[in-house]
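The values are calculated or read from the model by the stated rules, or taken from the named source; none is laboratory data. Bear in mind the structure is a predicted one, so any value in this text is a computation, not a measurement. Here the Cβ positions follow ideal geometry from the backbone for every residue, glycine too, while neighbour counts run over all protein chains shown. Please note that ligands, DNA and RNA were not included when accessible areas were found on the heavy atoms of the full protein model with its side chains. Shrake-Rupley method; radii C 1.70, N 1.55, O 1.52, S 1.80 Å.
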Amino acid sequence: MSRRLARDGAADVARLGKALAAEHAAVYAYGLLGARTTGTLRSRVSAAFDAHRYRRDQLRSLLLARGGKAVETEASYDVPVTASATDAVNLAVRVEDGITAAYLELAACEELTLRRFAASAMQEAVTRSYGLRRQIKALPGMPEQPATPAPSTSPGLGTDPSTGTG
């Protein structure tokens, strides 16, 4: 049992590290966006910047408290050029989608407090994204699946689904 707990704890630390790395990237991106936006959009970007810095600091503390080594920020990140407000919104939504994905993985932790932390962070990210663009994916943070064609008719009992015949 103790090996399982150690293994689960190591997995939790790794997930915390991934979420921390995602928050570092978010802080970087929102820092750039803050310098390139104005008005209401800049206010939203600034609020997101502060929220991600706060989450980053929380993650760092959670990681260190569990004996992990804090992931440090990269010198720079590959961020597309934002020449317009539309570009800025697209980047911010992309950042929030990435954050949601990182926290989705953290939500698989054994520890209840980490799962709750992840769920709260995902909710915040989706809310920020929706506030920027009034649309939402069915499962934010999940990779898009290729569309599968719908069957032309619903096969009834006793029919072969591949041919539609009985």
List the GluC sites (Glu not before Pro) within region 4-97 that fall in a DSSP loop (any state other than H, G, I, E or B) and whose Cβ has at most 10 other Cβ atoms within 10 Å. GLU72
With every protein chain left in place, what is the accessible area per residue of region 5-118 in square angstrom, probe 1.4 Å? 52 Å²
Quick check: with the 1.4 Å probe, what order do LEU132, LEU91 take by accessible area, largest first? LEU132, LEU91
State the extension gain, in nm to one decimal, for the chain segment bounded by TYR54 and ALA14, taking 0.36 nm per residue of separation less the distance between their alpha-carbons. 12.4 nm
Over the alpha-carbon set of region 27-137, work out the extent along each principal axis and list the three values in angstrom, largest first. 42, 31, 21
Full extension from GLN135 to ASN90: what is 0.36 nm times the residue separation minus their Cα-Cα distance, to one decimal in nm? 15.0 nm
Keeping every protein chain in place, order PHE117, PHE49 by accessible area at 1.4 Å, biggest value first, i.e. largest first. PHE49, PHE117
